[in-house]
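Accompanying notes for the structure given below.
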Amino acid sequence: MSHLVELTDIYKIYKMGDTEVHALDGISLTIDKGEFVAIVGSSGSGKSTCMNIIGCLDVPTKGSYKLNGKEISNYTPDELADVRNKMLGFIFQQYNLIPKLTVLENVQLPLLYGGVPEKEQRERAMVALGRVGLGDKAKNLPTQLSGGQQQRVSIARALAGDPSVILADEPTGALDSKTGKDVMKFLQTLHREGNTIILITHDNSIAARASRVVRVTDGRIVYDGPVSGDKLVAEQSAAGRDEEDE
C-alpha cells in the first residue's frame, strides 16, 4: 500500500552567487492517512521549505515527491495549483481571510476556484462552519470576529474542500496562549475524526500535541518518531499535562 505523502531524497538548493545553500539536504519522509505529524525546527532549519514542497507551493531541486501515489515533483504550476485546490487544505498563522468577504464567502472561495456549483459551495461551507462552531457567524465579516474565531474560519475553509491532507503552518502563532490551546485541541479532534494533519511549528509545546514528531535541523531530519522520543518535545508534553492537571 502506498503512503499518502512520500518524500524520497529531496533536495532544495538555492544559488547565492557562487555559493549553494541546501535548504533541504536529502530528506526522506513518509506520512500515512490519518496521522497527526508535527514537523518542528528553529528558524532556517528547513521545516518551512519542507512544508512548501508537501503543500505544492514549491518544487524540489531533485528527488521524488509522491502524493497519494502520484509523482508530482515535476508538475507544472497549473498542475500544482489543481493539486492544492483539490487535495490540500491550508491553515496559516495570519488566517489569510479576505476582509471584504463574509465568513461564508471566505470559506466558499476555494470551492469557487475549484468549479464547485454555487449551491454545493454554500452547503459544504455551512457544514464546515458548523464543525468549527461558527454556523451563526456566516454573515459576519472577519473583522467582527476574535483572532481565535478567525483561525477557526480558516480551519473551516480548509475542511470545506474535504482535503486529503491538512497543512497547518504555525496555526497558533498569532494567538494568545489560551486561544492557541483551544485551536490545538480542535486540531486534535479533527485528527480523532480521521483527518490527516501535518503541523509545522518552531514551538515544542505545540509539537507536543501531535502524535509523531519530525525534527528538522540544517535541512536534514534528525529525529522521526513518537513525541516521547524527542527530548525537547517530551518535556513540553509533560509540562502541558501538569498544567491541565492543576
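Of note:
- Computed across region 1-57, the Kirkwood radius stands at 12.6 Å (inverse of mean 1/r, all Cα pairs).
- Annotation for region 40-100: trypsin sites (Lys or Arg not before Pro) lying in DSSP loop with at most 12 further Cβ atoms inside 10 Å of their Cβ are Lys100.
- Scaled radius of gyration (Cα, divided by 2.2 N^0.38 Å) that region 135-246 gives: 1.15
- Accessible-area composition of the chain, carbon plus sulfur, in percent [1.4 Å probe]: 48
- With both labels modelled 7 Å from their Cα along Cα-to-Cβ, the Asn96 to Asp162 distance reads 2.2 nm.
- Extension gain, Thr189-Val222: 0.36 nm per intervening residue step, less the Cα-Cα distance, totals 9.1 nm.
- Solvent exposure of region 137-201 as accessible area per residue, Å², 1.4 Å probe: 38
- Whole-number D in µm²/s for region 86-194 (Stokes-Einstein; Kirkwood sum over Cα pairs; 4 °C, 1.567 mPa s): 95
- Cα gyration tensor shape of region 10-142, rounded if a/c is under 1.5, else prolate or oblate by comparing a/b with b/c: prolate
- 29 Å tail of the calculated P(r), the chain, as % of Cα pairs: 30
- For region 43-109: span of alpha carbons on each principal axis (Å, largest first): 41, 29, 18
- Backbone geometry of region 19-36 corresponds, through the Karplus equation with coefficients 6.51, -1.76 and 1.60 at θ = phi - 60°, to 3J(HN,Hα) couplings of 9, 9, 10, 8, 5, 10, 10, x, 7, 10, 7, 10, 9, 9, 4, x, 7, 10 Hz, x marking Gly and Pro.
The values are calculated or read from the model by the stated rules, or taken from the named source; none is laboratory data. Note that the coordinates shown come from a computational prediction; the quantities given were computed from them, not determined experimentally. As a convention, Cβ positions derive from the backbone with ideal geometry for all residues, glycine included, and neighbour counts pool all protein chains shown. Note: accessible area is taken over every heavy atom of the protein model, side chains too, but ligands, DNA and RNA are not part of it. Shrake-Rupley method; radii C 1.70, N 1.55, O 1.52, S 1.80 Å.
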